[in-house]
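Here, each number is a calculation from the coordinates, and none is a lab measurement. Just so we're clear, the structure is a prediction, and the values are computed from it rather than from any experiment. When we count neighbours, we look across all protein chains shown, and the Cβ atoms used for this are built from the backbone with ideal geometry, even at glycine.
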Amino acid sequence: MFELKDYHVAYGQSEVIKNMNFTLNPKEIVAILGRNGMGKTTLMKSLIGMIPSSKGSVTLQGKELKAMKSHERVASGLGFVPQGRMVFSTMTVQENIETGLTSTKRNSVPDDIYSMFPVLQEMRKRRGGNLSGGQQQQLAIARALASEPSVLLLDEPTEGIQPSIIKEMAKTLKQIRTQRNLSIIVSEQVLSFALDIADRIIVIEKGEIVLDTPRDAVDESKIAAYLSV
Ligand SMILES: Nc1ncnc2c1ncn2[C@@H]1O[C@H](COP(=O)(O)OP(=O)(O)OP(=O)(O)O)[C@@H](O)[C@H]1O
Ligand SMILES: [Mg+2]
């Protein structure tokens, strides 16, 4: 349903994502693993239209996204949770989530979002900047869900989050996948989280796929070797 073909992204002459091919199936969770600087953020930002791709195609339900601006991609069904969360710190929790509604016909936050993240309901009048890192990550996910995506992109969601909260996040994301019938692409460096959440694991090195394997067939030591410096 979401497909990359011969996909390339470059900053000027420097090619950072090279010849990437993969297909994301409905309701599938794919983890893209790679060390620092391997191209995870570049890939995510290009998929959501913040930086252009230089070659190849990216399609969602058969529709080519390549020439679309970010807001058009969101309207077509892509949701994005950026690395570092990028919560609007002076806006309230509720206002932060409402920014995700612009591509929909709704004007208030759907109830199911607050039932997925009860802490956000409790804190809905608080400023985003006053939340903890884990709460801000929930807020960033809630904001992305407000646009009713069919594919959710998350860029290193576990960064700076403590292990017990990471476990909780994996559980929540799997519930969201089931409740909302969506597919997820998550970039990561934390192997345990990827193993916890993903149906399929892709490893990238210098912008190229070096391993693409179903979760059930994973050779953990091999992946760990790719991730160790
Ligand atoms: N705006 C830019 N202009 C030029 N090169 C860039 C730019 N942004 C990133 N790069 C380079 O592209 C490569 C991939 O960076 P990217 O941020 O995509 O990696 P990453 O896998 O997300 O790393 P991390 O795990 O640290 O977040 C790096 O070599 C980086 O220096
Ligand atoms: Mg990154």
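Which value in deg cm²/dmol, rounded to the nearest 500, describes the helix-derived mean residue ellipticity at 222 nm for the chain, given -39,500 (n - 2.57) per DSSP H run of n ≥ 4 and division by the residue count?
-9500 deg cm²/dmol
At R0 = 45 Å, how high is the FRET efficiency between Ser115 and Asn19 if r is their beta carbon distance? Nearest 0.05 is fine.
0.60
Please compute the modelled spin-label separation between Arg126 and Ser108, points set 7 Å along Cα→Cβ, answer in nm with one decimal.
Label at Ser108, label at Arg126, 2.3 nm between them.
Only counting other Cβ atoms within 10 Å, I'd like Asp199, Asp219 sorted with the fewest neighbours first.
Asp219, Asp199
Could you work out which residue, out of Ser187, Ser89, Ser164, moves most in a Gaussian network model of the chain, that is, has the largest mean-square fluctuation with Cα springs under 10 Å?
Checking each option, the largest mean-square fluctuation is seen for Ser164.
Let's see if you can work this out: charge +1 on each Lys and Arg Cβ, -1 on each Asp and Glu Cβ, no other charges. What is the dipole magnitude of the chain about its Cα centre, in debye to the nearest 20?
Using only the charged Cβ atoms, the result is roughly 540 debye.
Could you give the C-alpha radius of gyration of the chain expressed as a fraction of 2.2 N^0.38 Å, taking N as the number of residues it contains?
After normalising by residue count via 2.2 N^0.38 Å, the value is 0.97.
Which whole-number percent is the relative contact order of the chain (Cα, under 8 Å, 6+ apart)?
Worked out over the chain, it gives 28 percent.
For the stretch 50-60, what does the Karplus curve 6.51 cos²θ - 1.76 cosθ + 1.60, with θ = phi - 60°, yield as ³J(HN,Hα) per residue in whole Hz, taken in order and with x for Gly and Pro?
Ordered by residue, 3J(HN,Hα) equals 7, 10, x, 8, 9, 6, x, 10, 9, 10, 10 Hz.
Among Ser53, Ala194, Ile204, whose Cα projects farthest towards the positive end of the dipole of the chain, with charges put on the beta-carbon of Lys, Arg (+1) and Asp, Glu (-1)?
About the Cα centre, the residue reaching furthest to the positive side is Ser53.
With the Cα gyration tensor of the stretch 34-157 in hand, give its eigenvalues times 5 under a square root as the equivalent ellipsoid semi-axes, listed largest first in whole angstrom.
Details: eigenvalues 138, 61, 24 Å².
Over the Cα atoms of the stretch 34-157, the ellipsoid semi-axes are 26, 18, 11 Å.
Compare Gln121, Gln136, Gln83 in a GNM of the chain, Cα atoms joined below 10 Å, and give the one with the largest fluctuation.
Looking only at Gln121, Gln136, Gln83, the largest GNM fluctuation is found for Gln121.
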